[in-house]
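Colleague: Just passing along the structure, written as structure tokens.
The values are calculated or read from the model by the stated rules, or taken from the named source; none is laboratory data. Please read these numbers as outputs of a predicted model, since none were measured by experiment. Positions of Cβ are generated from backbone atoms using ideal geometry, with glycine treated the same way; all protein chains shown enter the neighbour counts.
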Amino acid sequence: MLEIGSKAPDFLLLDQDGKEVSLSQFKGKKVILYFYPKDNTSGCTKQACTYTELYPQISEKGAVVLGVSKDSVASHKKFQEKFGFPFDLLSDPDHKVIEAYDVWKEKSMYGKKYMGIVRSTYLIDEDGMIEKAFEKVKPAQDPQNMLNILSK
């Protein structure tokens, strides 16, 4: 994980509509930047749907939500349309941003080791500095945790 108090790496990625999105375009707003393994899987769907439920309160606090995975723009589009997410899903197929945020790690399933995204969430402040960082977040609890932090 990147250090709290350090500058969040800027990026330029495509959203589910193929539009370019950069971190710097949200200067002046808090950004919840969450990294998740794969579109349309149970945990990732639960996390995104819970962010959707809490989105009005998150927005009220002046924050935006951005989800990042290595899935394609087309996959993100289908995922977003299926569940009606009110926030952008960003495609990072080369995992450059995923690696810049230090969430591309060795994982293990059934004794087999592989590289993948560790579900992680960053809260970035209005000046682009990392305010909070959470690794191995629980999909159902992460959105509420972030809203609680914004409410303090």
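Colleague: If I go through segment 1-42 residue by residue, how many of them are touching a residue at least 24 places away in the same chain (Cβ under 8 Å) and under 16 Å from LYS70 (Cα atoms)?
Modeller: Residues that pass the stated criteria total 16.
Colleague: Something else about it: Six or more apart or on different chains, Cβ under 8 Å: which pairs go from a residue in segment 64-77 that's touching a residue at least 12 places away in the same chain (Cβ under 8 Å) to one that's surrounded by fewer than 21 Cβ atoms within 10 Å (Cβ to Cβ) and assigned to a helix (DSSP H, G or I)? Could you list them?
Modeller: VAL64/PHE26; VAL65/TYR55
Colleague: I'd like the residue in segment 30-51 that is closer than 23 Å to GLU99 by Cβ and of a type in the set (Gly, Ala, Ser) and, out of all such residues, is surrounded by the most Cβ atoms within 10 Å (Cβ to Cβ).
Modeller: It comes out as ALA48.
Colleague: How do the pairs read when you match residues in segment 89-112 that are in contact (Cβ under 8 Å) with a residue 40 or more places away in the chain with residues anywhere that are in a helix (DSSP H, G or I) and of a type outside the set (S, T, N, Q), using Cβ under 7 Å and keeping only pairs 6 or more apart or on different chains?
Modeller: LEU89/HIS76; LEU89/PHE79; SER91/VAL73; SER91/HIS76; ASP92/ILE98
Colleague: Continuing with this model, one more query. State all residues of segment 117-150 that are of a type in the set (Gly, Ala, Ser) and at pLDDT 95 or above; if no residue qualifies, say none.
Modeller: SER120, GLY128, ALA133 - these are the residues of segment 117-150 that are of a type in the set (Gly, Ala, Ser) and at pLDDT 95 or above.
Colleague: Show me the helices (runs of 4 or more DSSP H) entirely contained within segment 55-152 in which 2 or more residues are charged (D, E, K, R) and closer than 25 Å to LEU14 by Cβ.
Modeller: Here the list reads 73-83, 96-100.
Colleague: Given the structure, is GLU53 touching a helix residue (DSSP H, G or I) at 6+ places or on another chain (Cβ under 8 Å), among the acidic types (Asp, Glu) and more than 23 Å from GLU135 (Cβ to Cβ)?
Modeller: Yes: the conditions hold for GLU53.
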